[in-house]
Amino acid sequence: MNDEIELKLSLAPEHLDRLRRNPLLRSLAQGRSKRHELVSTYFDTPDFKLKSRGQALRIRKIGERRVQTLKARINGEAPGGAMAHGHKEFETEVEGEAPRLDLIDDETLRSELEEPQLRDALAPVFTTDIDRRAVNLHLADSDIELAIDRGEIRANGRNLQISEAELELKSGRPSRLYELALLLSDKIPFRIEPQTKAARGYGLYGEQEPEPAFAVKQELSPQLSAGEAFAQLARACLDHLRANEAAVFHGADPEGVHQMRVATRRLRALVSAFQELLDESVCAELKSELRWLQQALGPARDWDVFTEETLTPVIRALPGESGLEDLLDHCKRARAQAYEAAHQALADPRYTRLLLRLALWLGDGGWASRAPENQDLLRAPVRSWADRVLEQRAAKLRKLGRKHKKLSHARLHRVRIIAKKLRYACEFFRGVYDEKALKSYIKRLIALQDTLGSLNDAVTGHRLLDEIEAGLSKSKRGALATPVGVVMGWQAAMIDKDLGRF
């Protein structure tokens with residue numbers, strides 16, 4: 001048994017040879033690369049009991065050998081840190097094509113897997129057929145295996161092409177995986193692959209579309225320091241961000257873009273809440289890059305909301321209104337372009353480098369301020385930092401909110417943004433305060449956001465309508481004047497209704 005820690009890089013097929021010939025990798029290589037044909041069959045029960053437990057069982061054919069491997073999810077933080085895949089791995093040679101659960105070198109796991117209802121129901125689910133070139137690398141104090149994989153996953157008569165590289169830590173520091181990947185990203189375009197081959201195999205077998213992922217509620221221990229709390233929360237935000245990549249690329253469910261944008265906003269809010277404790281250069285880079293990412297995802301989400309939550313209800317309420325269907329067609333085309341821009345952003349090396357740098361900073365503590373005056377704050381109990389952050393944000397909301405009846409729509413929009421930042425901060429510090437009181441406070445902040453929601457939608461909607469009209473000829477703009485006026489009138493009525501409750 002050992003801990004497997006690896007980082008998967010997804011590359012276009014034409015870039016695999018460029019990677020293999022990369023001068024840096026050649027300088028780090030310990031000996032020549034070895035080539036293997038790896039045919040692996042993955043087993044599970046009809047109701048996927050192993051998958052539900054975070055386990056994957058395979059038998060891999062390597063020449064004349066058969067190697068059985070059980071990978072088990074590690075509870076808690078993976079040893080590779082953010083983004084790296086971390087598993088407990090149990091390997092043993094077997095004879096034949098059937099699993100030998102009695103050979104698994106862990107008494108607890110072995111007894112669980114040998115339950116008759118599970119053991120007797122195991123059957124092949126999918127197969128991977130991979131042509132692998134592997135070479136050992138030595139980087140500073142660490143040994144890393146580079147495996148370049150071409151091949152496919154086969155399940156239920158379907159197949160999925162594989163074109164990727166794996167950086168697997170054999171000994172040393174997990175942060176070296178991120179350092180090496182960052183060095184390579186300057187020369188070769190790739191994405192960080194969020195899914196194992198097993199996860200992709202299960203998805204192929206069930207023809208499953210990627211599903212949006214929601215943030216996992218974090219409960220901070222009051223015993224944590226402020227620095228430890230930031231690291232835990234930042235990893236959770238990074239997990240939330242990456243868990244929605246596939247759903248965004250697939251584009252079938254608007255919630256994927258929404259959740260990825262929420263993850264980006266939350267990460268920005270976290271950086272803002274802890275910025276005094278962050279290294280200045282790290283803080284500046286994170287603010288800049290997260291702003292870029294939010295701006296790249298924003299239009300897709302804005303068009304989703306406007307199309308589904310404003311224009312579609314208007315059309316339903318006024319089915320005979322002239323021009324509304326034409327306006328909807330324009331919106332759908334603009335939304336498709338916005339999704340394409342979001343896809344391009346996630347495929348951009350800039351996004352990959354953001355992920356790698358953040359993972360590296362979290363892995364080696366490089367995010368933290370080295371200024372002497374901040375060391376006591378980093379080590380102080382998280383409660384003291386939480387008190388400070390929440391009071392500052394609440395004071396800002398109270399100051400502006402007292403004058404809400406005299407505020408312009410633009411200033412009321414600002415109130416909503418401040419309330420959202422305060423809500424995120426409250427959610428970050430769950431576990432530090434009494435849960436009942438915190439939940440009640442968050443509920444009131446959500447109600448405030450909802451009350452000002454129509455105002456936010458109108459501000460965004462007017463901007464989107466301006467974008468459509470700017471791209472049209474004078475005559476076409478004239479044809480849309482009536483439906484645009486109808487939508488703006490609808491939004492004005494919604495604003496009056498909501499502000500009447502404020």
(Q) All but one of (1) part of a helix (DSSP H, G or I); (2) out of contact with any Cys (no Cβ under 6 Å at 6 or more places or on another chain); (3) not polar (S, T, N, Q) hold for GLY431; state the number of the condition that does not hold. (A) (1)
Q.
I'm told THR460 meets every condition in (1) in contact (Cβ under 8 Å) with a residue 24 or more places away in the chain; (2) under 26 Å from the mean Cα position of the chain (by Cα); (3) open to solvent by less than 20 Å² (accessible area, probe 1.4 Å) except one. Can you identify the failing condition by its number?
A. (3)
Q. What are the residues in the range 404-416 that are assigned to a helix (DSSP H, G or I) and either open to solvent by less than 60 Å² (accessible area, probe 1.4 Å) or at positive phi (or both), if any?
A. HIS404, LEU412, HIS413, VAL415, ARG416
Q: Please give the helices (runs of 4 or more DSSP H) falling wholly within the range 243-315 in which 3 or more residues are of a type in the set (Lys, Arg) and under 13 Å from the mean Cα position of the chain (by Cα).
A: 254-273
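Within the range 473-485, does at least one residue satisfy the condition of being in a helix (DSSP H, G or I), within 33 Å of the chain's Cα centre (by Cα) and among the polar types (S, T, N, Q)? Step through it out loud before you land on a result.
The initial filter retains those residues of the range 473-485 that are in a helix (DSSP H, G or I), namely 474-485.
From what is left, the residues that are within 33 Å of the chain's Cα centre (by Cα) are none.
No.
Could you identify the single residue in GLU179, GLU209, GLU152 that is part of a strand (DSSP E or B) and either within 18 Å of ARG357 (Cα to Cα) or open to solvent by 30 Å² or more (accessible area, probe 1.4 Å) (or both)? Reasoning before the result, please.
Working: GLU179 fails: part of a strand (DSSP E or B); GLU209 fails: part of a strand (DSSP E or B).
The unique qualifying residue is GLU152.
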(Q) Suppose the filter is in contact with a Pro (Cβ under 7 Å, 6 or more places away or on another chain), more than 28 Å from SER10 (Cβ to Cβ) and surrounded by 17 or more Cβ atoms within 10 Å (Cβ to Cβ); does LEU327 pass it? (A) yes
Q. Which is touching a strand residue (DSSP E or B) at 6+ places or on another chain (Cβ under 6 Å), assigned to a helix (DSSP H, G or I) and touching a residue at least 40 places away in the same chain (Cβ under 8 Å), of LEU327, LEU355, LEU360?
A. LEU355
Q | Criterion violated by LEU7 - all others in (1) closer than 26 Å to LEU103 by Cβ; (2) hydrophobic (A, V, I, L, M, F, W, C); (3) under 28 Å from the mean Cα position of the chain (by Cα) satisfied | A | (1)
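Test PRO99 against the criterion of being farther than 30 Å from GLY366 by Cα, in a loop (DSSP other than H, G, I, E, B) and open to solvent by 30 Å² or more (accessible area, probe 1.4 Å), and give yes or no.
Criteria met by PRO99.
This table checks each residue for (1) modelled with pLDDT of 95 or more; (2) open to solvent by 40 Å² or more (accessible area, probe 1.4 Å).
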| position | (1), (2) |
| --- | --- |
| LEU318 | no, yes |
| SER322 | no, yes |
| ALA347 | no, yes |
| THR352 | yes, no |
| LEU358 | yes, no |
| ASP376 | yes, yes |
| ALA386 | yes, no |
| ARG398 | no, yes |
**Q.** Selection within the range 19-35 - open to solvent by 100 Å² or more (accessible area, probe 1.4 Å) and either among the β-branched types (Val, Ile, Thr) or touching a residue at least 60 places away in the same chain (Cβ under 8 Å) (or both)
**A.** GLN30, ARG32, LYS34, ARG35
Q: Would you point out the residue of the range 86-121, among those that are β-branched (Val, Ile, Thr) and at pLDDT 90 or above, that is nearest to SER52 (Cα to Cα)?
A: ILE104
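Taking SER142, is it surrounded by 14 or more Cβ atoms within 10 Å (Cβ to Cβ), polar (S, T, N, Q), within 29 Å of the chain's Cα centre (by Cα) and at pLDDT 95 or above?
Working: surrounded by 14 or more Cβ atoms within 10 Å (Cβ to Cβ): yes; polar (S, T, N, Q): yes; within 29 Å of the chain's Cα centre (by Cα): yes; at pLDDT 95 or above: yes.
Against the criterion (surrounded by 14 or more Cβ atoms within 10 Å (Cβ to Cβ), polar (S, T, N, Q), within 29 Å of the chain's Cα centre (by Cα) and at pLDDT 95 or above), SER142 qualifies.
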Q) Can you pull out the residues in the range 118-139 that are open to solvent by 20 Å² or more (accessible area, probe 1.4 Å), in contact (Cβ under 8 Å) with a residue 12 or more places away in the chain and not in a strand (DSSP E or B)? A) ARG119, ALA121, LEU122
Q | Qualifying positions in the range 213-229 - crowded, with 20+ Cβ neighbours inside 10 Å and either among the β-branched types (Val, Ile, Thr) or out of contact with any strand residue (DSSP E or B) (no Cβ under 8 Å at 6 or more places or on another chain) (or both) | A | ALA213, ALA229
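The values are calculated or read from the model by the stated rules, or taken from the named source; none is laboratory data. Keep in mind that this is a model prediction, so the values were computed, not measured. Ideal geometry is used to build each Cβ from the backbone, glycine not excepted, and the neighbour counts take in all protein chains shown. Side chains are part of the model used for accessible areas, which takes the heavy atoms of the whole protein and leaves out ligands, DNA and RNA. Shrake-Rupley method; radii C 1.70, N 1.55, O 1.52, S 1.80 Å.
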